[in-house]
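Enquirer: There's a structure below that I have some questions on.
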Amino acid sequence: MFKRQGFSLAEVLVGILVVILAITAIYSIYLLSRTVKNQSENRAEIVQNERAILDRLTRELRQANTIVTILPAAEIMFEDGHGNLEAQPIQYIRYYLNGTDLYREVSYYSFISDPLTHVFYNEVDELGNPPNQTIVEDRLVAEYITALNFSGTTTNGNIVISLSFTKANQIITLTSYVNSRNLN
């Protein structure tokens, strides 16, 4: 009888095919797990950023003395209620979108005749002229925001904030309800 010394061509081809199928399956699982991991990280980043912005907005709106913006609106401006008028001058905070970036603007109003004295946004001088706005700070506070809406009533301080973030084709919308404590 003949002694077999190796594998036949068919056996080698079947073995190679099995190894290729195993490597393809393992690589597909690796790619799928990497995609899921990236999506989870993007979602976690979006939620974390969105919560941080909502926390800041709600904290500042709770302390607002006056809400200047007529709601509903895509931006909001309000009188900063932190501190007292003797220690801190009157200043206003505005949140607005520029593209998909959220900005926080801090400003104050004064008259040309006395630029160092801060006044309310709706005051007029002895000639009936409105005050000039001076922007102290205007900085980026969040990215990837596709929608920002403020609604509710400014008279009793019940304000609804709705934020939508989009990153890597993931859209997350959070809504927060704010009840302002200091509204005049």
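Enquirer: Principal axis extents for the chain, Cα atoms only, whole Å, descending order, please.
Expert: Cα spread of the chain along its principal axes, largest to smallest: 121, 31, 27 Å.
Enquirer: A follow-up question, please. GluC sites (Glu not before Pro) within region 37-98: which are DSSP loop residues with at most 13 other Cβ atoms inside 10 Å?
Expert: Filter output for region 37-98: GLU86.
Enquirer: Right, here's the next one. Please give the charge dipole size of region 85-144, origin at the Cα centre, charges +1 on K and R Cβ atoms and -1 on D and E Cβ atoms. Round to the nearest 20 debye. Intermediate results must be reported in sequence, preceding the final value.
Expert: Working: 3 positive and 10 negative charges, 39 e Å.
Here the size comes out at about 180 debye.
Enquirer: Once you've got the GNM for the chain with C-alpha springs shorter than 10 Å, pick whichever of SER164, SER151, SER28 has the biggest mean-square fluctuation.
Expert: SER28
Enquirer: Could you put LEU102, LEU174 in order of accessible surface area, largest first, with the 1.4 Å probe and the full protein assembly present?
Expert: LEU174, LEU102
Enquirer: Is there a quick way to get the dipole size of the chain? I mean about its Cα centre, with the Cβ of Lys and Arg at +1 and of Asp and Glu at -1; what is the value in debye to the nearest 20? Write down the numbers at each step before the final one.
Expert: Details: 14 positive and 19 negative charges, 342 e Å.
For this selection, approximately 1640 debye.
Enquirer: If you keep only loop residues by DSSP, which GluC sites (Glu not before Pro) in region 89-184 have at most 15 other Cβ atoms within 10 Å of their Cβ?
Expert: In loop regions of region 89-184 (DSSP not H, G, I, E or B), the sparsely surrounded GluC sites (Glu not before Pro) are GLU123, GLU126, GLU143.
Enquirer: Just the Cα atoms of region 91-184: what Rg and Dmax do they give in Å?
Expert: 17.0, 55
Enquirer: Looking at region 1-40, what % of the alpha carbon pairs are farther apart than 13 Å?
Expert: 66 percent
The values are calculated or read from the model by the stated rules, or taken from the named source; none is laboratory data. Owing to the predicted nature of the structure, the values given are computational and were not obtained by experimental measurement. Because the Cβ atoms are built from the backbone with ideal geometry, glycine has one as well, and the counts that use them run over all protein chains shown. Note: areas computed on protein heavy atoms with side chains; ligands, DNA, RNA excluded. Shrake-Rupley method; radii C 1.70, N 1.55, O 1.52, S 1.80 Å.
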